[in-house]
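Okay, structure first, notes after.
The values are calculated or read from the model by the stated rules, or taken from the named source; none is laboratory data. Quick caveat: nothing in here was measured; it's all calculated off a predicted structure. Every residue, glycine as well, gets a Cβ built from its backbone with ideal geometry; the counts of neighbours run over all protein chains shown. Protein only, heavy atoms only, side chains kept; ligands, DNA and RNA dropped before computing areas. Shrake-Rupley method; radii C 1.70, N 1.55, O 1.52, S 1.80 Å.
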Amino acid sequence: MSATTPTSSRAHTSARDQTRELLFDIIRSGGSVTRTDLVDATGLSRSTVNNAVTRLMEMGRISETEIGPKGPGTGSGRAGNVLSAVAAGSHVAGIDFGHTHISVAIADSLGSVVAETSAPFGVDLQAMEALDTAADLLRSLSAETGIGDLAEVTAGIPGPLDAATGLVCSPTILARWVGLDPAAELQRRLGAHVRTENDAYLGALGERLAGAGRAHADFLYVKVSDGIGACPVLNGQPYRGSRGIAGELGHTQLPGRSEPCRCGRRGCLEAVVSSGVVREQIRVTHPGDPFALTAALQDLDDPPIRRVLDEAGRTLGGVLADLVSLLNPAALILGGELGTAGPSFVAGVRAEVDHRALAASADLEIRSAELGTRAELIGAVMHAAASIRR
Ligand SMILES: [Zn+2]
């Protein structure tokens, strides 16, 4: 026997596993998925799809429901039957650390949320306390739902994580978290296996699997909240970069601006465009009115508010235009509190990207995240659900 045979065999098995997982992800993402849909969506042969579907049914991970009588020309009649994913008994959890909040959710093994809760918290300056609070929120949710054992937990961190070590790795962004291993800290508190990812990465994953990104294999997700982070999705996969810190856009310096930034420099993008800054500007135009920064702002039909949002969108669009030219994405999906604050902000981004990106913006869809400010949390539970299958 040739020495290469075992390796070739393993490679073949791995390719088959990947095909099966790809098809499972499509079935799991919902809708009325048929075998024909799977062939159309993947370009795989019908026999490859049939083999993978048979294996997934043997594993108890999907079921097939007959819809209506067999029609003429449908052969075995299976082509039009609907495939659905079957949730296993185990549960997972997601944690989303924002700069000013912590959200947690418990979901079934397919990533469908069972319960979730959120609390305001100054995450940047109190690392250990933030980890304690996240664990407390999750324990409360476990008690409320009666779901004690978690098979996997994924936590999103609003700063750069070194892909090799899992440590928070910027001396200026999330300074109080530097050198911390949030996965190990949370694991100690929760007694469950915990993985960490950058928050924008999870937002992109959430939109890809359950939001506006389902329609696109190539898009750019940008979380615009108290901080700004981005994650490109290339060929269907969120991209981390060589060290795991791709997309740290918030500290791009804007020419001619001097606003002080938390990183110690002046004129950074997120010192000029963030939900906190925009809230302050709205407070100037409407002193005393406690406006929440939500899509409901648009309903006020208030020209000064629309101008503030449009201007913030244009400033961000000026930075995103170069990325649009570089990556030629099909869509620009804006998440976070500000990215989902309504059409004026999106229109501002559109105007500036159209002005600067020229050819690459022609067919570009620009929109708010379909999952709103929950994109990161949904991405976290879906990441955790995918992890228990590996
Ligand atoms: Zn900065």
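Among what's in region 254-275 and is of a type in the set (Gly, Ala, Ser) and surrounded by 17 or more Cβ atoms within 10 Å (Cβ to Cβ), pick the residue that is nearest to the ligand (Cβ to nearest atom).
Applying the filter and picking the extreme gives Ala271.
Can you report the number of residues in region 184-221 which are under 17 Å from the mean Cα position of the chain (by Cα), in a helix (DSSP H, G or I) and among the acidic types (Asp, Glu)?
Residues in region 184-221 being under 17 Å from the mean Cα position of the chain (by Cα), in a helix (DSSP H, G or I) and among the acidic types (Asp, Glu): 2 in total.
Here is a check on your reading of the model: is Asp199 at pLDDT 90 or above, assigned by TED's automatic domain parsing to the domain that holds Ser109 and over 29 Å from Thr42 (Cα atoms)? Even if it seems obvious, please write down each step before you answer.
Numbers: at pLDDT 90 or above: yes; assigned by TED's automatic domain parsing to the domain that holds Ser109: yes; over 29 Å from Thr42 (Cα atoms): no.
So Asp199 does not fit the description; no.
So is Thr54 modelled with pLDDT of 90 or more, hydroxyl-bearing (Ser, Thr, Tyr), surrounded by 14 or more Cβ atoms within 10 Å (Cβ to Cβ) and under 25 Å from Ala386 (Cβ atoms) or not?
no
When region 241-251 is examined, which residues are found to be at negative phi and open to solvent by less than 50 Å² (accessible area, probe 1.4 Å)? Break it down into steps so the answer makes sense when it comes.
Residues of region 241-251 at negative phi: 242-243, 245-246, 248-251.
Ala246, Leu249, Gly250, His251, listed by residue number.
May I ask you to list pairs of residues, at least six apart or on different chains, whose Cβ atoms are under 8 Å apart, with the first in region 256-273 being among the hydroxyl-bearing types (Ser, Thr, Tyr) and the second being modelled with pLDDT of 90 or more and near the ligand (Cβ under 9 Å from one of its atoms)?
Close Cβ pairs satisfying both conditions: Ser258/Arg266; Ser258/Gly267.
Taking interchain pairs and intrachain pairs at least six residues apart, which have beta carbon atoms under 6 angstrom, with the first residue in region 234-254 and β-branched (Val, Ile, Thr) and assigned to a loop (DSSP other than H, G, I, E, B) and the second open to solvent by less than 60 Å² (accessible area, probe 1.4 Å) and within 16 Å of the ligand (Cβ to nearest atom)?
From region 234-254, the pairs are Ile245/Pro160; Thr252/Leu269; Thr252/Val319.
Restricting the search to region 171-183, which residues are more than 16 Å from the ligand (Cβ to nearest atom), within 21 Å of Thr100 (Cβ to Cβ) and part of a helix (DSSP H, G or I)? Working first, answer last.
First, the residues of region 171-183 that are more than 16 Å from the ligand (Cβ to nearest atom): 179-183.
From the residues that got through so far, the ones that are within 21 Å of Thr100 (Cβ to Cβ) too are 180, 182.
Once the filter is applied, which keeps residues that are more than 16 Å from the ligand (Cβ to nearest atom), within 21 Å of Thr100 (Cβ to Cβ) and part of a helix (DSSP H, G or I), region 171-183 yields only Pro182.
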